[in-house]
């Protein structure tokens with residue numbers, strides 16, 4: 001058990017997790033202004049959930065944070081520790097992006113392999129993460145032999161293996177069934193503790209369960225409609241007052257805006 | 001069932017062949033029946049085997065060389081935008097030239113021996129391999145490339161770990177096409193000028209009105225080509241196990 005605890009605390013060192021500031025961002029997508037003079041601060045070492053209807057630019061926002069070279073934008077993205085995203089972020093998307101020709105363990109180790117610095121230490125760490133995620137015995141299985149929930153767990157482990165202080169998640173659990181989703185949310189909340197997590201979702205329950213802060217985004221160009229800091233530490237139970245106090249209201253406001 | 005179906009198909013084909021011969025009454029010097037052709041295969045087996053050896057060597061050499069060259073060309077184009085800009089139009093335009101029309105020139109340049117036939121096979125194998133592999137690599141999931149970028153991946157590692165394996169299913173279909181057309185290249189080369197090989201043997205028999213031998217050579221060629229194709233197909237399905245299978249039935 002000691003090695004589990006050690007590995008977990010090593011995933012991210014809380015002191016390293018920087019806050020991120022988006023400063024007066026202008027960005028067009030297909031000739032439509034997606035962001036115009038958009039500013040937002042994302043606190044370090046916490047989970048910020050960005051909630052909004054599809055097409056409101058929340059995925060683009062995440063790509064912006066990841067430093068995607070394909071986005072032409074004006075304005076500034078500042079990481080508190082270093083000037084840019086380089087080497088600080090890891091990425092998890094809705095699509096698990098597992099390589100079908102690599103087995104589970106090799107998929108978890110993808111980052112180290114791509115950097116050409118795969119060490120025995122990485123293998124040990126990956127194995128203990130695999131154990132912690134309840135995937136022991138499946139290390140040699142190919143992605144095709146795994147269920148959707150297992151695949152997404154592997155994607156989560158691959159993200160954690162990077163040991164980056166900032167973790168960007170783009171609707172990571174939206175393709176899963178309700179129960180699997182709840183389990184994975186708990187696992188993710190536990191394993192990403194201390195990192196600066198930006199999680200994009202269109203599910204208010206997910207946002208309220210996982211976010212230290214929930215930022216509701218909408219409109220074109222996008223703006224922040226409201227910011228909620230639910231009480232209590234995540235992951236919150238679906239029946240937790242921190243969730244129930246906001247859920248119905250949040251859902252109602254999202255629905256009324258979709259109708260606008 | 002999987003073994004039975006081809007056997008039934010083959011049997012049906014033989015019956016149809018025999019029926020055409022019996023019902024139409026075509027003379028055997030136009031179309032001999034399956035039985036005389038079968039007899040010819042047995043009687044002339046030593047000669048057929050010798051010529052088959054030559055043709056197979058040409059096919060396999062052409063397939064190997066053509067695949068290597070096609071793969072290299074695709075890799076060079078994907079790695080270097082400079083080469084891509086110059087090589088891609090050349091490749092596309094080269095396909096407008098009827099390759100078979102080059103056969104006499106190849107024989108002129110490379111001689112009557114095996115080299116001109118291998119050259120012919122290489123020419124027609126190169127393009128399907130190069131173009132399928134290249135477009136397969138180009139179609140690599142952009143999200144995977146973005147993931148690799150965020151991970152701080154090295155360029156060559158992205159190529160070997162992500163891009164090339166992503167393209168292998170496309171490469172495999174190119175190689176299947178190449179395997180199917182390789183015998184055509186070899187035989188056409190032999191027709192234009194040679195002293196050995198099944199294509200040569202066919203022409204030789206044709207000139208002597210030994211139509212049964214001609215058909216025997218054709219039968220052997222078809223059987224061996226089919227065998228080679230299925231061998232390559234099975235092998236690729238095993239090696240490139242992540243290619244989509246049987247999407248539309």
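The values are calculated or read from the model by the stated rules, or taken from the named source; none is laboratory data. What you see is a predicted model; the values in this text were computed from it and never measured. With ideal geometry, Cβ positions are generated from the backbone for all residues, glycine too; neighbour counts draw on all protein chains shown.
Is it the case that residue A:75 is surrounded by fewer than 16 Cβ atoms within 10 Å (Cβ to Cβ), modelled with pLDDT under 85 and more than 14 Å from chain B (Cβ to nearest Cβ)?
Details: surrounded by fewer than 16 Cβ atoms within 10 Å (Cβ to Cβ): no; modelled with pLDDT under 85: yes; more than 14 Å from chain B (Cβ to nearest Cβ): yes.
Considered against the rule, which asks whether it is surrounded by fewer than 16 Cβ atoms within 10 Å (Cβ to Cβ), modelled with pLDDT under 85 and more than 14 Å from chain B (Cβ to nearest Cβ), residue A:75 comes out as no.
Show me the helices (runs of 4 or more DSSP H) found entirely inside segment A:149-260 where at least 1 residues are under 30 Å from residue B:144 (Cβ atoms) and in contact (Cβ under 8 Å) with a residue 12 or more places away in the chain.
The qualifying helices (runs of 4 or more DSSP H) are A:178-191, A:204-210.
Being more than 23 Å from residue B:169 (Cβ to Cβ) and free of Cβ contacts under 8 Å to residues at least 12 places away in the same chain is the requirement here; does residue B:50 meet it? Give the derivation first.
Values: more than 23 Å from residue B:169 (Cβ to Cβ): yes; free of Cβ contacts under 8 Å to residues at least 12 places away in the same chain: no.
Spelling it out, it is not the case that residue B:50 is more than 23 Å from residue B:169 (Cβ to Cβ) and free of Cβ contacts under 8 Å to residues at least 12 places away in the same chain.
So residue B:194 passes all but one of these: (1) surrounded by fewer than 19 Cβ atoms within 10 Å (Cβ to Cβ); (2) in a loop (DSSP other than H, G, I, E, B). Which condition number does it fail?
Of the numbered conditions (1) surrounded by fewer than 19 Cβ atoms within 10 Å (Cβ to Cβ); (2) in a loop (DSSP other than H, G, I, E, B), the odd one out for residue B:194 is (1).
So which residues in segment B:143-158 are assigned to a helix (DSSP H, G or I) and either within 7 Å of chain A (Cβ to nearest Cβ) or buried (at least 19 other Cβ atoms within 10 Å of the Cβ) (or both), if there are any at all? Spell out the reasoning first.
Of all residues in segment B:143-158, those assigned to a helix (DSSP H, G or I) come to B:143-150, B:155-158.
Answer for segment B:143-158, where residues must be assigned to a helix (DSSP H, G or I) and either within 7 Å of chain A (Cβ to nearest Cβ) or buried (at least 19 other Cβ atoms within 10 Å of the Cβ) (or both): B:143, B:144, B:146, B:147, B:148, B:150, B:157, B:158.
Can you list residue pairs whose Cβ atoms sit under 7 Å apart, with the first residue in segment B:97-114 being free of Cβ contacts under 8 Å to residues at least 24 places away in the same chain and the second being assigned to a helix (DSSP H, G or I)? Count only pairs 6 or more apart in sequence or on different chains.
Sorted first by the residue in segment B:97-114, then by its partner, the pairs are B:102/B:123; B:110/B:116; B:110/B:119.
Spot the failing condition for residue A:91; the list is (1) away from chain B (no Cβ under 11 Å); (2) closer than 21 Å to residue A:185 by Cβ; (3) outside any loop (DSSP other than H, G, I, E, B), and only one is missed.
With (1) away from chain B (no Cβ under 11 Å); (2) closer than 21 Å to residue A:185 by Cβ; (3) outside any loop (DSSP other than H, G, I, E, B) applied to residue A:91, the lone miss is (1).
Can residue A:132 be described as within 24 Å of residue A:211 (Cα to Cα), more than 10 Å from chain B (Cβ to nearest Cβ), in contact (Cβ under 8 Å) with a residue 60 or more places away in the chain and more than 18 Å from the chain's Cα centre (by Cα)?
Answer is yes for this residue.
For residue A:114, work out the one condition from (1) crowded, with 19+ Cβ neighbours inside 10 Å; (2) more than 11 Å from chain B (Cβ to nearest Cβ); (3) over 18 Å from the mean Cα position of the chain (by Cα) it doesn't fulfil.
(2)
Can you confirm whether residue A:192 is over 25 Å from residue A:44 (Cα atoms) and at pLDDT below 95?
no
Which condition does residue B:137 not pass, out of (1) in a helix (DSSP H, G or I); (2) in contact with a helix residue (DSSP H, G or I) (Cβ under 9 Å, 6 or more places away or on another chain); (3) without any contact (Cβ under 8 Å) to a residue 12 or more places away in the chain, if it passes all the others?
Looking at each condition in turn, residue B:137 falls short on (3).
Of (1) farther than 30 Å from residue B:172 by Cα; (2) at pLDDT below 90; (3) exposed (fewer than 12 other Cβ atoms within 10 Å of the Cβ), residue B:28 satisfies all except one. Which?
(3)
Which count do you get for residues in segment A:141-150 that are surrounded by 15 or more Cβ atoms within 10 Å (Cβ to Cβ) and either farther than 18 Å from residue A:179 by Cβ or away from chain B (no Cβ under 14 Å) (or both)?
Within segment A:141-150, residues that are surrounded by 15 or more Cβ atoms within 10 Å (Cβ to Cβ) and either farther than 18 Å from residue A:179 by Cβ or away from chain B (no Cβ under 14 Å) (or both) number 5.
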